[in-house]
Amino acid sequence: MPLSDLTPSGSGAWYSGLVLLGLVTGVLTGLLGIGGGFLTTPALNILFGIAYPVAVGTSLAQIMAATLLSTLGHWRRKNVDLKLGLLMAAGSLAGAEIGVRLLQAITALEPVTISGRPQPLVDLVLNSCYLVLMAGVAAFMLRESLACRSGEPQTALADQLRTLTIRPVISLPASGIEQISIWVPGGISLAVGCLAGLLGIGGGFVGLPLMLYLMGLPTRQAVGTSTLQVFVASAYGGLRHWQQGHADLFVALWLILGAVIGIRIGLKLCARVDARAIRQGFAVLLLLAALLVASRL
């Protein structure tokens, strides 16, 4: 199917809306270390009428540019664990390829009939994945951040995973981790990369809480390192979707225009906002995005 059939032409208000969407996701990228794809992809489909395959590829193109700028900003603020970021980036590449192939397979399936009307199966599957993931992560993080008495989360699971001696074992001094099995960040990055390729997200909205609660990274260190990992995953996923013709770079440019401004705002907020408040705001945002997807379902 030609790209022109999957991407509707827009008015001035339509393009202004894209810039506003890019601005919001740019703030999220700088503040939370996520690409904002969990919001951008369903918004492009639900609010702007762009078919999901193109929304996925376009979202990844915007995330790639936004997270590159955000990574540089966090690097200057010493919020990036380069060793961990590169390790997780490598795992996310394999996961992204798996996600792209899954999306190809789902897109090729026949539509399903609901209430007498045919519905693309890919819409149903992706919206359901978004809803379950966002609602689940949001509920957990909101509960933790409200119950936490200190600025940083403390979980027994993170302490247990740090004691794993499955070789090879590495140390991450920049994150305050004396030793951890390489399979812990490797498994996390594989899952995050798969989500990037399948859902058109950088994977940060899942990767960030996993870094916090499974690896025990400090909040700001997790934000900066997550941004680097998201950049690599989205760059690879975006390239693969562009090769298939599932990316509208013109739409992506309007998103990036807003994101450039939003990232500067997000970076300044990250340096000033309390760590608990960052996690609480992240959880509330996920709940709002889950409501948007639920309305579509």
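Across segment 57-63, rounded Karplus estimates of 3J(HN,Hα) from the backbone phi angles (6.51 cos²θ - 1.76 cosθ + 1.60, θ = phi - 60°) give x, 5, 4, 5, 5, 5, 4 Hz, Gly and Pro being marked x. In this structure, the amide hydrogen of V112, modeled 1.01 Å from its nitrogen in the peptide plane, lies closer than 5 angstrom to those of Q119, L121, counting only residues at least 5 positions away or on a different chain. Computed from backbone phi with θ = phi - 60° and the Karplus coefficients 6.51, -1.76 and 1.60, the 3J(HN,Hα) list for segment 46-51 is 6, 8, 10, x, 8, 4 Hz; x is used for glycine and proline.
When peptides 288-295, 263-270 are ranked by their average number of other Cβ atoms within 10 Å per residue, the highest-first order is 263-270, 288-295.
Judged by the mean number of other Cβ atoms found within 10 Å, the most tightly packed of the peptides 124-132, 18-26, 169-177 leads the ranking 18-26, 124-132, 169-177. Peptides 51-61, 221-231 ranked from most to least packed give 221-231, 51-61, packing being the mean of other C-beta atoms within 10 angstrom over each peptide's residues.
Where only DSSP H runs of four or more residues are counted, the chain gives -25000 deg cm²/dmol as its mean residue ellipticity at 222 nm, each run worth -39500 (n - 2.57). Per-residue extension of 0.36 nm, minus the Cα-Cα distance of S171 and S295, leaves a gain of 40.2 nm for this segment.
Simple spin-label estimate for I114 and A271 gives 4.5 nm between the two label positions (7 Å along the Cα-to-Cβ direction from each Cα).
All of the numbers you see were taken from the coordinates with simple rules; none came from a lab. This structure is a prediction, so every number in the text was calculated from the model and none was measured. Note that each Cβ is placed from the backbone with ideal geometry, even for glycine, and that neighbours are counted across all protein chains shown.
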